[in-house]
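In what follows, a structure is listed as structure tokens, so that the remarks can point back to it.
The values are calculated or read from the model by the stated rules, or taken from the named source; none is laboratory data. All figures in this text were calculated on a predicted structure; none of them were measured in a lab. Because the Cβ atoms are built from the backbone with ideal geometry, glycine has one as well, and the counts that use them run over all protein chains shown. What goes into the accessible areas is simple: the full protein's heavy atoms, side chains included, and nothing from ligands, DNA or RNA. Shrake-Rupley method; radii C 1.70, N 1.55, O 1.52, S 1.80 Å.
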Amino acid sequence: DAGITQSPRYKITETGRQVTLMCHQTWSHSYMFWYRQDLGHGLRLIYYSAAADITDKGEVSDGYVVSRSKTENFPLTLESATRSQTSVYFCASSEQLAGLQETQYFGPGTRLLVL
Amino acid sequence: SQKIEQNSEALNIQEGKTATLTCNYTNYSPAYLQWYRQDPGRGPVFLLLIRENEKEKRKERLKVTFDTTLKQSLFHITASQPADSATYLCALDITGSRGYALNFGKGTSLLVTP
């Protein structure tokens, strides 16, 4: 049971490059999420998806793009990476119960450094 | 604006004592509140969920209270152990235009010393 995986685990890129972070879950959870975590800011929501082809912006979505063509995958793309996007990125998934998503299961994170 | 506030300073306690962490919120009407644990270099792990109509929830040595009038949740770890040392995050549900998500507090770091 693989659960939720993220790749790559570590990434170094340069300003202006496009970067895609991958997230894959094996539970068929309807909801998936992307967060970034920075010192002093905690965990902040970038995008979430309630189901395949349904996505919505979170608190810090500028500069990021997501897609969800399949339930199990939720890639996050930085269209033109900036130094301020250096962070640890976490993907999460959850089931939908009684109309609400509940417990979230997090991946191991991707550490991204933008030079 | 919506805010979730947790003790910004680290909490240091002695093994065997009860640790109490606080989560306060403003401008939310949550259906539930969740607590997560995060160890260094790892993703958060779910601990407990308490609904708006529940006052208290317990799981082994963990206890959560939820006061929607005070807009506060308290998270207790009884008989604390050094292995309980971690950062603890509270989270509230939010309703977006296309579904539901969670907003997290910044977390409180707990250090339990022998």
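Report yes if residue A:40 is open to solvent by less than 40 Å² (accessible area, probe 1.4 Å) and under 23 Å from residue B:89 (Cβ atoms), otherwise no. Spell out how you get there, then give the answer.
On the way: open to solvent by less than 40 Å² (accessible area, probe 1.4 Å): no; under 23 Å from residue B:89 (Cβ atoms): yes.
The answer is no for residue A:40.
Just the residues that are within 14 Å of another protein chain (Cβ to nearest Cβ) and either open to solvent by 60 Å² or more (accessible area, probe 1.4 Å) or part of a loop (DSSP other than H, G, I, E, B) (or both), please, taken from region B:1-26. Of everything in region B:1-26, those that are within 14 Å of another protein chain (Cβ to nearest Cβ) and either open to solvent by 60 Å² or more (accessible area, probe 1.4 Å) or part of a loop (DSSP other than H, G, I, E, B) (or both) turn out to be B:1, B:2, B:3, B:5, B:7, B:8, B:9, B:10. Would you mind stating whether residue A:62 is more than 8 Å from chain B (Cβ to nearest Cβ) and either touching a residue at least 12 places away in the same chain (Cβ under 8 Å) or crowded, with 20+ Cβ neighbours inside 10 Å (or both)? Here the answer is no, as residue A:62 does not meet what is asked.
Filtering region A:46-59 to residues that are open to solvent by less than 30 Å² (accessible area, probe 1.4 Å), without any contact (Cβ under 8 Å) to a residue 24 or more places away in the chain and hydroxyl-bearing (Ser, Thr, Tyr) leaves only A:48. Flag: residue B:105 does not match the condition of being within 14 Å of another protein chain (Cβ to nearest Cβ), surrounded by fewer than 21 Cβ atoms within 10 Å (Cβ to Cβ) and under 16 Å from residue A:45 (Cα atoms). Going through region A:86-97 one residue at a time, which ones are touching a Ser or Thr at 6+ places or on another chain (Cβ under 8 Å) and open to solvent by 50 Å² or more (accessible area, probe 1.4 Å)? Once the filter is applied, which keeps residues that are touching a Ser or Thr at 6+ places or on another chain (Cβ under 8 Å) and open to solvent by 50 Å² or more (accessible area, probe 1.4 Å), region A:86-97 yields A:95, A:96. Only residues that are over 24 Å from residue A:95 (Cα atoms), open to solvent by less than 80 Å² (accessible area, probe 1.4 Å) and assigned to a loop (DSSP other than H, G, I, E, B) were counted in region A:1-22, giving 3.
Within region B:75-93, which residues are surrounded by fewer than 17 Cβ atoms within 10 Å (Cβ to Cβ) and within 22 Å of residue B:26 (Cα to Cα)?
Keep residues of region B:75-93 that are surrounded by fewer than 17 Cβ atoms within 10 Å (Cβ to Cβ), which gives B:76, B:78-79, B:81-83.
Answer for region B:75-93, where residues must be surrounded by fewer than 17 Cβ atoms within 10 Å (Cβ to Cβ) and within 22 Å of residue B:26 (Cα to Cα): just B:76.
If you go through region A:71-85 one residue at a time, do you hit one that is of a type in the set (Asp, Glu), touching a Lys or Arg at 6+ places or on another chain (Cβ under 9 Å), more than 30 Å from residue B:10 (Cβ to Cβ) and open to solvent by 60 Å² or more (accessible area, probe 1.4 Å)? The answer is no, given that none of the residues of region A:71-85 is of a type in the set (Asp, Glu), touching a Lys or Arg at 6+ places or on another chain (Cβ under 9 Å), more than 30 Å from residue B:10 (Cβ to Cβ) and open to solvent by 60 Å² or more (accessible area, probe 1.4 Å).
Of all the listed residues (B:61, B:98), the sole one being open to solvent by 50 Å² or more (accessible area, probe 1.4 Å), within 14 Å of another protein chain (Cβ to nearest Cβ), without any contact (Cβ under 8 Å) to a residue 60 or more places away in the chain and in contact with a Ser or Thr (Cβ under 8 Å, 6 or more places away or on another chain) is B:98. If you filter region B:26-74 down to residues that are touching a Lys or Arg at 6+ places or on another chain (Cβ under 9 Å) and polar (S, T, N, Q), you find that the one that is farthest from residue B:2 (Cα to Cα) is B:65.
Within region B:1-27, residues that are under 16 Å from residue B:88 (Cβ atoms) sit with their Cβ atoms under 9 Å from residues that are of a type in the set (Phe, Trp, Tyr) and in a loop (DSSP other than H, G, I, E, B), at 6+ positions apart or across chains, in these pairs: B:4/B:28.
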